[in-house]
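Visitor: If you scroll down you'll find the structure; I have some questions about it.
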């Protein structure tokens, strides 16, 4: 496939930015009972305002709130719920640390927090379009315990989950999100748990049940993000063959896909599979910076990664992003805030260099 002449190549963040020290201190104080909810909310709003200001100063054409007010990218809908316990599914990472999901103890499932709350707060501070990340329903399907819940069968749970996931996405679209991004990091992990792919097929089918509730025009404003689960400079599934995931992933009915690529050992192999399976309606945003690598990419490295991608995909089907969020859990301080912004600067400048090189 030969390169195509490009217009301006779009570039977007995936989501989370490391929290400033002031917010981390406020979170600690709030957990210890030293400050109240209002003081914590003020610290979160100040962090959102600072994040958006700095992203706009870097020239970001699309921004996020940096997930400054989320406890994590996956558990935000559960904040304050009383029908969950902490002893759910355990997710092991390559460096030995673990994350553990909650476990639903009783029905019904209702989101305590919908993502449009974060979006509306961000829109108060932004002067450019804002995208909003939401958790994919496939991730929250793991809340249901294997031995079931008395009086609340799994079928009823899934009906409630689909309704809540739809409301989460629709609320953001209605509030004016530039795009709503479903975080689907469990996709690659599913192939580690079940190499035969049955679990992945179940996840894709569940997510498509939600996406089917949206019109084609709405689906065009919905994106899917996948990565090997970056957290504390480690991953849970980087050892899983990326190309085994993509054919199933690209069956999702979305207008954009955000694909980890900068940390991929053989990006050309991944790009070839993308070229074979990317639907005509969709654009692929390729990761050009690696949040887990402390080395800051140069704009020229970013440019070259984009130009390499045009050997496989037309330039007008390509965008750029970071491989994943920089701090998807609120307590992740493995990457500094300054490093994150430096990598984002390289992504923006390198994308502009590639646009010029391609005649855009």
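The values are calculated or read from the model by the stated rules, or taken from the named source; none is laboratory data. Bear in mind that the values here come from a model prediction, so they are computed numbers and not experimental data. Heads up, the Cβs are rebuilt from the backbone with ideal geometry, glycines too, and the neighbour counts pull from every protein chain shown.
Visitor: Suppose we filter 355, 351 for residues that are touching a helix residue (DSSP H, G or I) at 6+ places or on another chain (Cβ under 9 Å), surrounded by fewer than 22 Cβ atoms within 10 Å (Cβ to Cβ), assigned to a helix (DSSP H, G or I) and at pLDDT 95 or above; which single one remains?
Guide: Values: 351 fails: surrounded by fewer than 22 Cβ atoms within 10 Å (Cβ to Cβ).
Criteria check complete, one pass: 355.
Visitor: Continuing with the same structure: If residue 22 satisfies every condition in (1) modelled with pLDDT of 95 or more; (2) touching a helix residue (DSSP H, G or I) at 6+ places or on another chain (Cβ under 7 Å); (3) surrounded by fewer than 22 Cβ atoms within 10 Å (Cβ to Cβ); (4) within 28 Å of residue 169 (Cα to Cα) but one, which is the exception?
Guide: (4)
Visitor: Here is a further query. Would you list the helices (runs of 4 or more DSSP H) that sit entirely within the stretch 143-250 and hold 3 or more residues that are touching a strand residue (DSSP E or B) at 6+ places or on another chain (Cβ under 6 Å)?
Guide: Values: elements: 154-175, 186-193, 198-211, 216-219, 242-249.
So the answer is 154-175.
Visitor: Going residue by residue through the stretch 323-332, is there one that turns out to be at pLDDT 95 or above and surrounded by fewer than 16 Cβ atoms within 10 Å (Cβ to Cβ)?
Guide: no
Visitor: Here is a follow-up. Provide a single number: the residues in the stretch 309-325 that are in contact with a helix residue (DSSP H, G or I) (Cβ under 7 Å, 6 or more places away or on another chain) and either within 13 Å of residue 296 (Cα to Cα) or part of a helix (DSSP H, G or I) (or both).
Guide: Initially, the stretch 309-325 is screened for residues in contact with a helix residue (DSSP H, G or I) (Cβ under 7 Å, 6 or more places away or on another chain), giving 309, 312-313, 318, 320, 322.
The next check asks that each one be either within 13 Å of residue 296 (Cα to Cα) or part of a helix (DSSP H, G or I) (or both); those that pass are 309, 322.
Qualifying residue count, the stretch 309-325: 2.
Visitor: Also: Report the residue count in the stretch 5-19 for those that are within 22 Å of the chain's Cα centre (by Cα) and crowded, with 19+ Cβ neighbours inside 10 Å.
Guide: Of the stretch 5-19, the ones within 22 Å of the chain's Cα centre (by Cα) are 9-19.
After this cut, where a residue has to be crowded, with 19+ Cβ neighbours inside 10 Å as well, the list is 9, 11-19.
The total comes to 10.
To keep it simple, each residue is scored yes or no on (1) without any contact (Cβ under 8 Å) to a residue 12 or more places away in the chain; (2) touching a helix residue (DSSP H, G or I) at 6+ places or on another chain (Cβ under 6 Å); (3) within 21 Å of residue 77 (Cα to Cα).
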{"position": "172", "(1), (2), (3)": "no, yes, yes"}
{"position": "231", "(1), (2), (3)": "no, no, yes"}
{"position": "234", "(1), (2), (3)": "no, no, no"}
{"position": "247", "(1), (2), (3)": "no, yes, no"}
{"position": "253", "(1), (2), (3)": "no, yes, no"}
{"position": "259", "(1), (2), (3)": "no, no, no"}
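Visitor: Here are the criteria: (1) touching a strand residue (DSSP E or B) at 6+ places or on another chain (Cβ under 7 Å); (2) modelled with pLDDT under 95. Tell me which single one residue 313 does not satisfy.
Guide: If we test residue 313 against (1) touching a strand residue (DSSP E or B) at 6+ places or on another chain (Cβ under 7 Å); (2) modelled with pLDDT under 95, just (2) comes out false.
Rundown of residues vs (1) closer than 24 Å to residue 283 by Cα; (2) buried (at least 23 other Cβ atoms within 10 Å of the Cβ); (3) without any contact (Cβ under 8 Å) to a residue 40 or more places away in the chain; (4) touching a helix residue (DSSP H, G or I) at 6+ places or on another chain (Cβ under 6 Å), yes/no style:
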| site | (1), (2), (3), (4) |
| --- | --- |
| 152 | no, no, no, no |
| 158 | no, no, no, no |
| 165 | yes, yes, no, yes |
| 169 | yes, yes, no, no |
| 177 | yes, yes, no, yes |
| 185 | yes, yes, no, no |
| 197 | no, no, no, no |
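Visitor: On to the next question. Could you name every one of the helices (runs of 4 or more DSSP H) located completely within the stretch 33-141 that has at least 2 residues being without any contact (Cβ under 8 Å) to a residue 60 or more places away in the chain, surrounded by 15 or more Cβ atoms within 10 Å (Cβ to Cβ) and in contact with a helix residue (DSSP H, G or I) (Cβ under 9 Å, 6 or more places away or on another chain)? Steps first, answer last, please.
Guide: Working: elements: 37-57, 116-123, 137-140.
In the stretch 33-141, 37-57, 116-123 are the helices (runs of 4 or more DSSP H) which contain 2 or more residues that are without any contact (Cβ under 8 Å) to a residue 60 or more places away in the chain, surrounded by 15 or more Cβ atoms within 10 Å (Cβ to Cβ) and in contact with a helix residue (DSSP H, G or I) (Cβ under 9 Å, 6 or more places away or on another chain).
Visitor: Follow-up. Take the conditions within 27 Å of residue 216 (Cα to Cα) and within 18 Å of the chain's Cα centre (by Cα) and apply them to residue 282. Does it pass? Walk me through it before giving the result.
Guide: Details: within 27 Å of residue 216 (Cα to Cα): yes; within 18 Å of the chain's Cα centre (by Cα): yes.
Yes: the conditions hold for residue 282.
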